[in-house]
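Q: Input: one structure, supplied below.
The values are calculated or read from the model by the stated rules, or taken from the named source; none is laboratory data. Predicted model, so just to flag it, every value in this text is computed and none were measured. When we count neighbours, we look across all protein chains shown, and the Cβ atoms used for this are built from the backbone with ideal geometry, even at glycine.
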Amino acid sequence: MSRQILDRESVKAAQAASVGNAQTARAYDVPVVVDLAKCITGCRICIDSCPVDCLSVDPATSKAHMRHDECWYCLACELDCPKDAITVKIPFLVR
């Protein structure tokens with residue numbers, strides 16, 4: 001693996017560990033967390049790249065959010081996001 005990918009992965013791992021139960025009022029943690037401060041209003045790149053359509057635009061903020069928990073952990077949304085606003089938290093058993 002290249003040095004750039006390894007550095008990016010360590011940064012993303014640190015972000016995943018720090019986000020907690022962001023963006024949900026439910027008792028469980030969502031696997032796809034969107035940093036609303038980084039997310040571009042009206043951008044649909046992550047939504048269009050998701051093969052299972054688990055992301056959508058939140059009408060209140062006009063930014064991406066996780067609509068339902070059907071994530072395949074393919075990382076398409078995380079890799080395609082131009083602002084690195086998305087963190088996919090992969091469960092231990094899937095890794």
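Q: Restricting attention to the range 1-42, and to residues there that are of a type in the set (Ser, Thr, Tyr), farther than 15 Å from Ile90 by Cα and exposed (fewer than 13 other Cβ atoms within 10 Å of the Cβ), which single residue is modelled with the lowest pLDDT?
A: This residue is Ser2.
Q: While we're here: If I ask for residues that are buried (at least 18 other Cβ atoms within 10 Å of the Cβ) and closer than 16 Å to Pro91 by Cα, which ones from the range 54-78 would you list?
A: Hits for the range 54-78 are Cys71, Glu78.
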